[in-house]
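Step one of this worksheet: look at the structure below.
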Amino acid sequence: MNSLVYLASLRFKAMIRKIYSRPLSAIFTTLAIIVMLGLLIFYSFFLKMPESEKGPFSAFLLTYLFVMTIMILAIMFQKRTALFTNVDANLLLCGPFSLKQILLYGIIGSCGATLALCLMNYLYITVLLGAFFDVSPLDYLILFITSMSAYFIILVFTDFLYVRFMDDPKRNLYRRLIVGTLVVFILLIFAYHYYINRDLKIDAIINSFMDSKVFSLMPVIGWSKFVILNFHNGEYLLGLLALGGMIVLAFVLTILTMNTRSIDPEVICDDARYFDALKERSKNNSNLYQGLKVRSVKNVSFKKGAGAIASRLMLDMRKTNSFITKTEVMLILLYLAISYFSDYDYAFYSRYVAIILYVITLSSNYNDELSHHYIYLIPDTPLRKLWALLWPSILKVSIIIVLMMTLGIVLGPTPLDFIAAIFELFGYALLFISSNIWSLRILNKGQNQVASQFIKMLIVIIALIPSVALGLVFTAVLYTPYLFSFISSFVNIIIALIFIYLSKGIVSGAELLN
Amino acid sequence: MIEVKGLTKKYGNLIAVNNASFEAQNGKITVLLGPNGAGKSTTIKSICSLLKYEGEILIDGYDNHSLMAKKRFGYIAEVPNLYDNLTVGEHISFIKRAYDVKEDEHIEKLIELLELKDKINATAKELSKGMKQKVSMLLALISKPDSLLVDEPMIGLDPKAIENTLTLLKRLKENGTAILLSTHIIDMMNDLYDVAYIMNKGKIEAKVVKDELGSETLKERFFEITEGSENE
């Protein structure tokens with residue numbers, strides 16, 4: 001086993017070395033860690049806000065568990081899973097290792113994934129919302145430990161089902177069936193709870209459902225809530241017992257997984273290749289949720305010159321059904337439902353839409369396109385080629401804006417609200433798209449994900465300053481409520497066009513190909 | 001015609017190509033010959049404007065970054081780089097429109113020569129590596145380029161495809177195309193080349209003109225210069 005533990009430690013060191021091998025990547029990663037940890041320490045010990053201005057811990061926990069549920073469901077409903085990467089699979093299956101060692105190495109891999117998922121969930125919520133809620137230093141600690149246990153249980157359970165049903169071609173279906181049944185069961189309980197409390201508002205019903213004993217019985221999510229809330233309320237023994245229960249379950253699942261009698265190397269290798277392909281697509285910023293199925297389409301035509309690039313991208317979207325993905329549709333409907341049931345106004349709803357637009361524009365697969373040499377060789381001007389590259393994204397977000405704002409009519413906006421919101425969002429969307437491409441222009445391709453996302457976010461925040469400042473000044477001077485939307489949209493479009501112009505070199509030289 | 005003057009390409013402290021100057025004339029096959037890591041592919045990619053470099057590169061007298069130059073050359077990459085989800089036919093339509101090519105006749109002939117007729121509706125990810133290489137070749141020739149840059153052309157091809165490729169390159173040469181290809185497979189080049197530049201450790205070490213070589217073979221001259229060295 002020593003050699004495999006050594007391999008795992010070497011790979012971890014290599015990852016750290018890669019992050020710190022480039023000065024920009026090292027600076028931004030360190031900065032991101034310092035900022036996030038600094039914020040948590042600041043919220044815990046130095047932020048003095050009157051208790052009345054802070055939201056209740058239960059609301060904070062609800063949001064935290066909501067994000068956790070979404071992430072867990074995304075893991076459990078994956079079309080396919082894999083135990084190893086291709087390199088690992090080849091090494092482990094050909095090398096002098098026992099089955100137990102091989103499986104334990106897989107579980108070590110799950111530990112890494114647990115930490116990554118936990119940090120994503122934890123930092124996203126704590127950093128964004130920690131300042132506005134009554135969260136103590138102990139709460140932060142317990143939240144982290146419980147999340148680690150919860151994600152580990154889920155990942156080891158997934159590994160367990162994978163190795164146990166390896167011989168069965170329907171193994172992925174079984175996993176989804178088990179979780180699907182559980183989800184349906186919980187929804188039925190919620191429906192019953194909704195029915196007996198139907199006189200209350202939806203947010204009150206959700207809160208009372210979360211407070212109910214039935215909720216605490218819900219696997220992983222309910223248990224996590226039970227642990228965190230008991231520690232928060234000073235019931236340390238109960239909290240400790242429940243947390244201990246979760247850790248014991250994780251241990252039992254690990255033992256069960258390691259004691260699997262046989263594995264199918266062909267299945268492991270096949271899934272490893274699939275996993276690697278998925279990872280490669282993720283690196284290229286391709287949309288992971290579009291699946292790998294390609295359908296044939298009729299009436300294929302390409303525009304002349306640089307326009308052929310846009311036509312090709314559109315064709316790719318048609319073939320992979322990814323113009324608007326299922327995930328994006330779900331996200332849209334989810335935000336609409338939250339806004340509707342929470343009595344948010346149209347202006348607040350449009351801020352939600354701006355967040356969705358930011359998420360969607362980040363997933364545009366420019367890297368994929370830029371890794372093919374044809375874009376550099378096509379005899380057309382760089383600006384036209386860049387515009388062709390961005391056009392499908394611009395078209396996509398424009399359609400999403402119109403679609404979402406039209407659906408948002410149920411919130412009762414005036415016609416001027418509707419037009420102003422569309423203008424404002426279009427400005428934001430163009431700014432997000434152009435910031436994304438400009439960050440690609442100024443960053444090296446080898447930059448790690450944390451650093452590049454942080455830089456992208458930073459660019460967007462800085463780019464938004466002029467429009468917000470100008471919009472506020474004009475609105476304050478002229479006292480016209482809708483002026484802010486139009487002014488900010490105009491300024492954002494101008495800045496976006498400047499970014500696009502500055503990025504044109506990205507399609508003329510191609511160091512990105514390296 | 002391709003003219004390379006004082007080409008230097010550095011990756012950090014590593015000098016991949018060091019002050020290389022040479023030319024590839026119309027109607028001739030010019031070969032960049034060298035061991036692994038000699039800088040051949042880097043040179044080809046620089047000519048295609050796929051890398052940043054120091055020096056000057058002209059295609060038919062135009063700077064290689066200009067539109068006029070881009071319209072005049074075709075490039076066949078060492079590793080075929082196709083769009084996974086597009087069929088072969090869609091790749092052809094894409095390049096035709098991108099280069100504004102109106103005629104179809106020569107494309108039909110190329111499809112036939114490269115034996116791709118029954119693969120027109122196959123997506124790139126369904127093709128074998130050799131088939132992908134053939135498609136890559138076809139795409140580079142759609143615009144009838146005056147200059148053709150080929151990076152390790154025979155890798156991944158079966159014997160028949162190699163034979164067809166050699167025939168194709170000879171035919172293009174007869175039509176006046178300037179062909180610059182990089183390879184380390186010397187034996188295959190004996191019948192093909194007109195001029196060979198031997199590269200080693202990023203430098204052009206020698207120019208060998210076939211008609212002036214006398215009794216010595218290209219292989220003998222190559223090993224004389226490189227001593228079979230393997231570069232880092």
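To the nearest 500 deg cm²/dmol, what mean residue ellipticity at 222 nm is calculated for chain A from DSSP H runs of n ≥ 4 alone, each contributing -39,500 (n - 2.57), summed and divided by the residues? Working shown, then result.
Working: 21 runs with 380 residues, N = 514.
Here the helix-only value at 222 nm equals -25000 deg cm²/dmol.
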field: residue A:11 paired with residue A:79, simple spin-label distance in nm, labels 7 Å along Cα-to-beta-carbon
entry: 2.4
query: With r defined as the distance between the Cβ atoms of residue B:206 and residue A:94 and R0 fixed at 41 Å, what FRET efficiency is calculated, to the nearest 0.05?
result: 0.40
- prompt: Which of the residue pairs B:117/B:170; B:132/B:170; B:40/B:119; A:170/B:132 have a Cα-Cα distance greater than 25 Å in the structure shown?
  reply: B:40/B:119; A:170/B:132
Residues with amide H under 5 Å from that of residue B:75, placed H, sequence gap 5 or more: B:149
message: I'd like the antiparallel share, as a percent to the nearest 5, of DSSP beta bridges with both residues in the protein assembly as shown.
response: 50
field: Distance violations [Cα-Cα > 30 Å] among A:79/A:100; A:303/A:504; A:298/B:134; A:18/A:385; B:10/B:102
entry: A:18/A:385; B:10/B:102
For segment A:347-355, Karplus couplings with θ = phi - 60° (6.51, -1.76, 1.60), whole Hz, Gly/Pro x: 5, 5, 4, 5, 5, 4, 4, 4, 5
statement: Here the residues of segment B:183-197 lying in the modelled label zone of residue B:216, meaning backbone nitrogen under 16 Å from a point 7 Å along Cα-to-Cβ, are B:195-197
query: At residue A:120 and residue A:279, where each label point lies 7 Å from the Cα along Cα→Cβ, what is the point-to-point distance in nanometres?
result: 1.5
query: How long is the gain from residue A:334 to residue A:251 if the chain were fully straight, where each residue apart is worth 0.36 nm and the alpha carbon distance is subtracted?
result: 26.3 nm
query: Between residue A:168 and residue A:304, what length in nm is gained on full extension when 0.36 nm per residue of separation is reduced by their alpha carbon distance?
result: 44.0 nm
- prompt: If you line up the long axis of helix B:88-98 against the longest principal axis of chain B, both from Cα atoms, how many degrees apart are they, to the nearest 10?
  reply: 70
query: Mind checking which lysines have their C-alpha under 24 Å from residue A:201, skipping anything on the same chain fewer than 8 residues away?
result: A:54, A:213, A:225
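Using only C-alpha positions, report the orientation-averaged shadow area of the convex hull of segment A:369-504, nm², one decimal.
Taking a quarter of the hull surface, the average projection is 9.7 nm².
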query: What percentages, rounded to whole numbers, describe P(r) for the protein assembly as shown computed over all alpha carbon pairs with 10 Å bin width beginning at zero?
result: 2, 11, 19, 22, 20, 14, 8, 4, 1, 0, 0
- prompt: Which of the trypsin sites (Lys or Arg not before Pro) found in segment A:169-231 are in a DSSP loop and have at most 12 neighbouring Cβ atoms, other than their own, within 10 Å?
  reply: A:170, A:198, A:201
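Every number here is computed from the coordinates shown, using simple stated rules; none is lab data. Keep in mind the model is a prediction, meaning the values are calculated, not measured. Don't worry about glycine lacking a Cβ; one is built from the backbone with ideal geometry, like all the others, and counts go over all protein chains shown.
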